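First comes the structure, then the notes that go with it.
The values are calculated or read from the model by the stated rules, or taken from the named source; none is laboratory data. Model, not experiment: these values are computed from the prediction. Here the Cβ positions follow ideal geometry from the backbone for every residue, glycine too, while neighbour counts run over all protein chains shown.
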């Protein structure tokens, strides 16, 4: 039985490590208005780079999560941290065209997966169910803060040093995250949970309806969230450009405003996990997924509209699209036995980030189809509406979860 852990610096330290690890995630999205011209990319090509990153991340999460069940979450977290620092530097130094950007951004993603699901496993081992939602909320919040910081830093550096300097500055993040991770986890045991010799992870999930629903919800949630993250800065920049702003200035302001959406995601992550500890996982997931779907169906039609309206709806969008992420994660830790949690997270990650990988390029294809002429796209409504389908599916799947508060999802 897990002992209650007294408050210490372990969780803030793990969150700080994750914060720096993911500093490179939004650099490409923030630079996209400039990169589409510098690298001569169509909307489909621009989306495919984000797709390459998400596909690499999905494969990485699958492999690292599967390994974590067998060799321990701590060991995988630290190994992935070292790989992430090296890959981020390679992207910063050598990504100078569509082809090199696609390959190197994908490699950066392949290195990163071992720092996410393993962090969930480490928290699951350390905290009881009554506190786990809040703890996982802070972990997701750290990533949201990192994405906002990535956008802010990129927005500040881009007009002064170009995308090359922005890539290099944000690449310092994974190096710092790796060093912090080694320091924080130096005394944390590397736990490998014994299995009972049963039929295995796939059967564990197939006979567990709550886990299946949670994985479907997460997959649909990822389609909407990752598609929105990839294109929101470019959308805001396009909205400003339609109003007459110059491209570089629009890109800078777009990055800043999109960063505020991620800050709203930070507030959502740090609060919704805790709220789900009180109100129940199902209630919170259902409310957030339905609201984010409504935002997806509305947001894209605001291009060129009043900046205040774009900012307000974008803030609600950022809050609701990410807010259910920690709740979906903690619910899965309660639905699956600890010995199979890494495998469950692996399957969930492959499906979720696989869907998230497809979303940006589908978004770009819809953008190209509804805006003949390319980079000066003025109609974004249908592209965002495609993302809204994910929010609807997430909400519908969550409806089948039981009405209960804590830790009772697991099949016995």
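When the residues of the range 240-258 are filtered to those that are within 20 Å of residue 296 (Cα to Cα) and buried (at least 24 other Cβ atoms within 10 Å of the Cβ), the one that is modelled with the highest pLDDT is 240.
Where helices (runs of 4 or more DSSP H) fall entirely within the range 271-386, those with at least 2 residues that are closer than 29 Å to residue 33 by Cα are at 281-299, 307-323, 341-370. In the range 36-53, the residues that are more than 15 Å from residue 26 (Cα to Cα) reach residues that are part of a helix (DSSP H, G or I) and at pLDDT 90 or above with C-beta atoms within less than 6 angstrom, at least six apart or across chains, in these pairs: 39/98; 41/98; 45/98. Quick check, is residue 110 crowded, with 20+ Cβ neighbours inside 10 Å and more than 26 Å from residue 267 (Cα to Cα)? Here the answer is yes, as residue 110 does meet what is asked. Identify, please: which residue in the range 269-285 is within 19 Å of the chain's Cα centre (by Cα) and modelled with pLDDT of 85 or more and is, among those, farthest from residue 327 (Cα to Cα)? Applying the filter and picking the extreme gives 271. Residues that are assigned to a helix (DSSP H, G or I) and under 24 Å from residue 215 (Cβ atoms) were ranked within the range 175-205; the one that is modelled with the lowest pLDDT is 201.
If the condition is being within 18 Å of residue 236 (Cα to Cα) and at pLDDT below 85, then the range 371-412 contributes 371, 374, 375, 376, 377, 378, 379. Is it the case that some residue within the range 285-292 is over 22 Å from residue 215 (Cα atoms) and buried (at least 21 other Cβ atoms within 10 Å of the Cβ)? No, there is no match, as no residue in the range 285-292 is over 22 Å from residue 215 (Cα atoms) and buried (at least 21 other Cβ atoms within 10 Å of the Cβ). Can you tell me how many residues within the range 356-376 are within 18 Å of the chain's Cα centre (by Cα) and surrounded by 24 or more Cβ atoms within 10 Å (Cβ to Cβ)? Number satisfying all stated conditions: 5. Yes or no: residue 44 under 14 Å from the mean Cα position of the chain (by Cα) and within 26 Å of residue 358 (Cβ to Cβ)? In short, no.
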